[in-house]
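Asks: Take this structure, written in structure tokens, and hold onto it; I'll ask about it next.
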Amino acid sequence: MANVRVSKILIHPSCRGISVQESRYTPEGLEFDRRWCIIEAKDYTVITAREFPKMVLITPQIDADPTSPHSGVLSMAFPDESGCEPFSLPLCPGQATLDTWKRIEKVLMWHVPFDAYICEALPSPPSRSPSAILSSYFGRPVHLVYKGAQPRACDPTFSHPKLEAKAVFQDCYPMMVLSEESTKRVEQELRSHVGTQGIDEHWKTGSLVIERFRPNIVFQGGAPFVEDSWKEIRIGSAADAPVISMVSKCTRCLLPNISPETGERDKAVPYKTLMKFRMGFDRDPQFKMKACLGCNGVPLGAGEVKVGDWVAATR
């Protein structure tokens, strides 16, 4: 582990991911990660890129400023051809601001209800509300919402049957980690299957960017899939750096088939390749037919991670 360092940090406020040089984190994940999401206006269910791939082309930008109101601004921009105007939101809306927004008592994600607030733009807003702009982009009524105070419990895992963890709008767990070497190994494997299983010829040279897998912390310097053996990690040189417990492997769906550059879904890559040689790595019997890549983590305290930080792992 002496050579393993953090090579990239990715946060996903909502929609497209953002690469940052450093980030604070809590047991709920990286700061600003998955604090917002888009929901159906008719039944308040969460929408992901699995259902609407083009949402990965909506680009957030965080301008943090602890001295300003709301500690800064979250801006959302759209592809030029969409005709949708950008808008800005409070980065850390306080309760006084939230009290002026409509509260939804039961947003549904994986059939688990929790509360959220419909976002309103900052003063001097665009001519339309964030909900109206996003509804135009999606072609149906939707809302952008900010996570409320009600906790969202994570499911226990096979290796952590008594897990007590909370998440925001992440799919399952507060943090996901993945190494560059693992992603490169998947790319090598898919090249050997070009021309079969629906894998297009352009993958002979095409790059499988790690952003497709939407990790939070990316590592470099270990062997491919080294993270499979990790039970817990600490990041950085601080003696009091919190433990991040690796609670399960990350089972993969079709979301990584969506290109973060184009918003288009590949019919085969990387899902079919992962199913060929990365199936059943999670010890949980219910996931024995699932392809795994990367690991789900739960921080056991608050800390900070920076690009270049050393990684210490317990196997």
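Asks: May I ask you to say which residue of Leu89, Leu57 is surrounded by 14 or more Cβ atoms within 10 Å (Cβ to Cβ), farther than 14 Å from Gln170 by Cα, of a type outside the set (Phe, Trp, Tyr) and in contact with a Gly (Cβ under 7 Å, 6 or more places away or on another chain)?
Replies: Leu57
Asks: Moving on. Exactly one condition in (1) assigned by TED's automatic domain parsing to the domain that holds Glu261; (2) farther than 29 Å from Val73 by Cβ is not met by Pro113; state its number.
Replies: (1)
Asks: Of all residues in the range 158-172, how many are within 16 Å of Pro113 (Cα to Cα) and basic (Lys, Arg)?
Replies: Qualifying residue count for the region: 1.
Asks: Sort out which residues of the range 253-273 are surrounded by fewer than 21 Cβ atoms within 10 Å (Cβ to Cβ), within 21 Å of the chain's Cα centre (by Cα) and farther than 16 Å from Leu57 by Cα, and write them in order of number.
Replies: Residues satisfying the conditions are Cys253, Leu254, Tyr271.
Asks: Only one of these conditions is not met by Ala239: (1) at pLDDT below 95; (2) in contact with a Phe, Trp or Tyr (Cβ under 8 Å, 6 or more places away or on another chain). Which number is it?
Replies: (2) is the only condition that Ala239 fails.
Asks: What strands (runs of 3 or more DSSP E) completely inside the range 245-315 contain at least 3 residues that are closer than 23 Å to His193 by Cα and either touching a residue at least 40 places away in the same chain (Cβ under 8 Å) or not assigned by TED's automatic domain parsing to the domain that holds Phe213 (or both)?
Replies: On the way: elements: 292-299, 303-306, 311-314.
Of the strands (runs of 3 or more DSSP E) lying wholly inside the range 245-315, those with at least 3 residues that are closer than 23 Å to His193 by Cα and either touching a residue at least 40 places away in the same chain (Cβ under 8 Å) or not assigned by TED's automatic domain parsing to the domain that holds Phe213 (or both) span 292-299.
Asks: Go through the range 10-49 and give me each residue that's assigned to a strand (DSSP E or B) and farther than 20 Å from Ile118 by Cα. Don't jump to the end; show me each part of the working.
Replies: Quick first cut of the range 10-49, residues assigned to a strand (DSSP E or B) only: 10-11, 18-20, 22-26, 29-30, 36-40, 45-47.
Matches in the range 10-49: Leu10, Ile11, Ile18, Ser19, Val20, Glu22, Ser23, Arg24, Tyr25, Thr26, Gly29, Leu30.
Asks: Of all residues being of a type in the set (D, E, K, R) and surrounded by 19 or more Cβ atoms within 10 Å (Cβ to Cβ) in the range 197-227, which is nearest to the chain's Cα centre (by Cα)? Just the residue, please.
Replies: Arg214
Asks: Are any of the residues in the range 156-177 part of a helix (DSSP H, G or I), crowded, with 22+ Cβ neighbours inside 10 Å and within 20 Å of the chain's Cα centre (by Cα)?
Replies: no
The values are calculated or read from the model by the stated rules, or taken from the named source; none is laboratory data. Nothing here was measured: the structure is a model prediction, and the numbers come from that model. Every residue, glycine among them, receives a Cβ derived from its backbone with ideal geometry; neighbour counts consider all protein chains shown.
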